[in-house]
Amino acid sequence: MLENKIAYSRENLSGGVRIKMASTFRDVSHAVNFVMPSELLEVKSPKIVVTADIGNYSGQEAFIESAACNKELIFLNFIDYPALDNLPSNMFTINVIWTGDDPRFIGKFFKILPHLYLEEFNENLWIDSNIKLSSISSFFECLKPYDFSCMLHDKRKTIISEAEEIIFQGKDDKLIIEGLLNSYEEKVYDFKKLPLLAGRFLYRKNNDQIIKFNQIWFDLLVNGSIRDQLSLPIAESKVEIKTYLLPSDHSKNLFKVQFHNKYDVGKYGNGAEQIIRSYISRLKYKASFILHSINFFIKK
């Protein structure tokens, strides 16, 4: 399965471990190359919080604040631009060298396949780079019986409704999304009733069943849409893992979502309708960002 979708290598160095991953998405080869430093691999902690901000999409500030608020946890950020100074002592930043044409797909290596680079950690929490965590020590304790946890989506309930939104916003090609839904119908009985899961906050243990889940999810994404929330519920349904789905309103106790630095609605798709929808979505985002900034300035 996964071995046909990704090339992977791990090389021991004097100062750490060099990891390379490569895969093809929409006929374009994408590859990453980075070094996990020895000082990180030798940390005596079973838990780690991870993000990737390729292309300076969200910036480092939210992740830095998350690390400062959870000094008992290790934080790891993968970026392809210079790190800020005076980072929290519990935060590691790794520079990524990559090739390809879509920085968002590069981020999927880190989001979906943590078992390939976090062998030394028993538990990991992925957060999107625009997430600012509250103190979450008790959260890890509550999840001891479970292999996997994430939030139910806060705006939509089903894969179908998410697909409709993606098409409406011009975030992926309409024909590809429609074909993808047909393939899901063949893969999962009554897939339309699966709950829509949010991919911005993902807890996983590092065990065989979760590795299988990660592999299925990556395989589905490579063959489908860059919008990983479409494939996440399918992957979760295909593996017997102990899952705890958090109601979306629990997010207020765990994190805040900040605006991205950029808005990339996706370049996949052809035709005037796709371009117009994408352009309108970008304008809506810019308007929301300006309004948010004004409100923040007024409250200060």
- Could you give every pair whose Cβ atoms fall below 6 Å, whose first residue belongs to the stretch 202-217 and is under 19 Å from Glu141 (Cα atoms) and in contact (Cβ under 8 Å) with a residue 24 or more places away in the chain, and whose second residue is among the charged types (D, E, K, R) and assigned to a strand (DSSP E or B), counting only separations of at least 6 or pairs across chains? Lys205/Glu123; Ile210/Arg204
- In the stretch 76-93, how many residues are acidic (Asp, Glu) and either in contact with a strand residue (DSSP E or B) (Cβ under 7 Å, 6 or more places away or on another chain) or surrounded by 13 or more Cβ atoms within 10 Å (Cβ to Cβ) (or both)? 1
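Report, by residue number, each residue of the stretch 45-69 that is open to solvent by less than 10 Å² (accessible area, probe 1.4 Å) and either farther than 26 Å from Ser134 by Cα or within 17 Å of the chain's Cα centre (by Cα) (or both). Spell out the reasoning first.
Let us first name the residues in the stretch 45-69 that are open to solvent by less than 10 Å² (accessible area, probe 1.4 Å), namely 48-51, 53, 59-60, 62-63, 66-67.
Selection gives Ile48, Val49, Val50, Thr51, Asp53, Gly59, Gln60, Ala62, Phe63, Ser66.
Being closer than 16 Å to Arg200 by Cα and outside any strand (DSSP E or B) is the filter here, so list the residues in the stretch 110-124 that pass it.
Within the stretch 110-124, Phe110, Lys111, Ile112, Leu113, Pro114 qualify.
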- Search the stretch 190-200 for residues being in contact (Cβ under 8 Å) with a residue 24 or more places away in the chain and among the charged types (D, E, K, R), and hand back the single one that is surrounded by the most Cβ atoms within 10 Å (Cβ to Cβ). Arg200
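For the structure I just gave you, tell me whether Leu73 is of a type in the set (A, V, I, L, M, F, W, C), loosely packed, with under 15 Cβ neighbours inside 10 Å and closer than 27 Å to Phe148 by Cβ.
Values: of a type in the set (A, V, I, L, M, F, W, C): yes; loosely packed, with under 15 Cβ neighbours inside 10 Å: no; closer than 27 Å to Phe148 by Cβ: yes.
So Leu73 fails the test.
Going through the stretch 131-171 one residue at a time, which ones are open to solvent by 60 Å² or more (accessible area, probe 1.4 Å) and either among the aliphatic types (A, V, I, L, M) or within 28 Å of Asn77 (Cα to Cα) (or both)?
So in the stretch 131-171, the residues open to solvent by 60 Å² or more (accessible area, probe 1.4 Å) come out as 132, 135, 138, 141-142, 144-146, 154-155, 157, 164, 168.
Hits for the stretch 131-171 are Lys132, Ser135, Ser138, Glu141, Cys142, Lys144, Pro145, Tyr146, Asp154, Lys155.
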- Message: Please verify whether Glu42 is open to solvent by 20 Å² or more (accessible area, probe 1.4 Å), among the acidic types (Asp, Glu) and more than 26 Å from Ser149 (Cβ to Cβ), treating the condition exactly as stated.
- Response: yes
- Residue in the stretch 241-254 that is most open to solvent (accessible area, probe 1.4 Å), counting only those that are under 21 Å from Glu61 (Cβ atoms) and modelled with pLDDT under 90: Lys252
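Conditions (1) assigned to a loop (DSSP other than H, G, I, E, B); (2) among the hydrophobic types (A, V, I, L, M, F, W, C); (3) touching a residue at least 60 places away in the same chain (Cβ under 8 Å), marked per residue:
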{"position": "Lys108", "(1), (2), (3)": "no, no, yes"}
{"position": "Trp126", "(1), (2), (3)": "no, yes, yes"}
{"position": "Ser129", "(1), (2), (3)": "yes, no, yes"}
{"position": "Phe139", "(1), (2), (3)": "no, yes, yes"}
{"position": "Lys144", "(1), (2), (3)": "yes, no, no"}
- In the stretch 201-238, anything of a type in the set (A, V, I, L, M, F, W, C) and either open to solvent by 10 Å² or more (accessible area, probe 1.4 Å) or part of a helix (DSSP H, G or I) (or both) is listed as Ile210, Ile211, Phe213, Ile216, Trp217, Phe218, Leu220, Leu221, Val222, Leu232, Ile234, Ala235
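Restricting the search to the stretch 22-52, which residues are under 28 Å from Leu220 (Cα atoms) and either part of a helix (DSSP H, G or I) or free of Cβ contacts under 8 Å to residues at least 24 places away in the same chain (or both)? Talk me through it step by step, then tell me what you get.
Let us first name the residues in the stretch 22-52 that are under 28 Å from Leu220 (Cα atoms), namely 22-36, 47-52.
Residues satisfying the conditions are Ala22, Asp27.
Could you say which residue among Lys144, Lys155, Lys193, Lys174 is at pLDDT below 95 and touching a helix residue (DSSP H, G or I) at 6+ places or on another chain (Cβ under 6 Å)?
Values: Lys144 fails: touching a helix residue (DSSP H, G or I) at 6+ places or on another chain (Cβ under 6 Å); Lys155 fails: touching a helix residue (DSSP H, G or I) at 6+ places or on another chain (Cβ under 6 Å); Lys193 fails: touching a helix residue (DSSP H, G or I) at 6+ places or on another chain (Cβ under 6 Å).
None of the other options fit; the residue is Lys174.
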- Considering residues that are open to solvent by less than 30 Å² (accessible area, probe 1.4 Å) and either under 17 Å from Arg104 (Cα atoms) or not in a strand (DSSP E or B) (or both), the number found within the stretch 11-21 is 1
- Task: Look through the stretch 94-130, keep the residues that are open to solvent by 50 Å² or more (accessible area, probe 1.4 Å) and at pLDDT 95 or above, and return whichever of them is nearest to Ile48 (Cα to Cα).
- Result: Asn95
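The values are calculated or read from the model by the stated rules, or taken from the named source; none is laboratory data. Remember, it's a predicted structure, so these values are computed and weren't measured experimentally. All Cβ positions, even for glycine, are placed from backbone atoms using ideal geometry, and neighbour counts span all protein chains on display. Surface accessibility is based on the protein's heavy atoms, side chains included, excluding ligands, DNA and RNA. Shrake-Rupley method; radii C 1.70, N 1.55, O 1.52, S 1.80 Å.
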